[in-house]
Amino acid sequence: MITRTVTLCFAGQLMSIFSTQQAHADQAHDFARFWAAVLAVEDRCDDFYSITDATMGGHLTADEYKRASDAVEDLRPKMARSLSALSCQAAAEAVADLGGLPFLKVWERR
């Protein structure tokens, strides 16, 4: 229960830390943050790998996907720093929450 509460609080912090200067970030930026966070977890946590469908960006237009793709590598180290204080399990849960997806729609374990 405590872990879930901490994870949810951390997901909220991730959303606020990386929000754009606009009141509401666009879908491309939101997806780029999620995608960068997924990659950051995979970089650090050998037991976790993402399900391809989670990072396909099928809900984006071609232009939005291109903008997201262009932003991922810049956001990746920032997301890694933000997730570094969490265990791999907690980081993976926070990232799933950030993407608005159930854990099992984002992650598999080796």
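Highest-first packing order for the peptide set 65-75, 43-53, 83-93, 27-37 is 27-37, 83-93, 65-75, 43-53, based on the mean count of other beta carbon atoms within 10 Å.
Amide H contacts of Ile51 (H built 1.01 Å from N, in plane; Pro and chain starts excluded): Trp107, Glu108 sit under 5 Å, all sequence-distant by 5 or more or on other chains. At 1.4 Å probe size, with the rest of the protein present, what percent of the exposed accessible area of the range 26-109 is carbon and sulfur atoms? With neighbouring chains kept in place, the figure for the range 26-109 is 52 percent.
The values are calculated or read from the model by the stated rules, or taken from the named source; none is laboratory data. Quick caveat: nothing in here was measured; it's all calculated off a predicted structure. FYI the Cβ positions are ideal-geometry reconstructions off the backbone, even for glycines, and counts take in every protein chain you see. All accessible areas refer to the heavy atoms of the entire protein, side chains included, with ligands and DNA or RNA removed. Shrake-Rupley method; radii C 1.70, N 1.55, O 1.52, S 1.80 Å.
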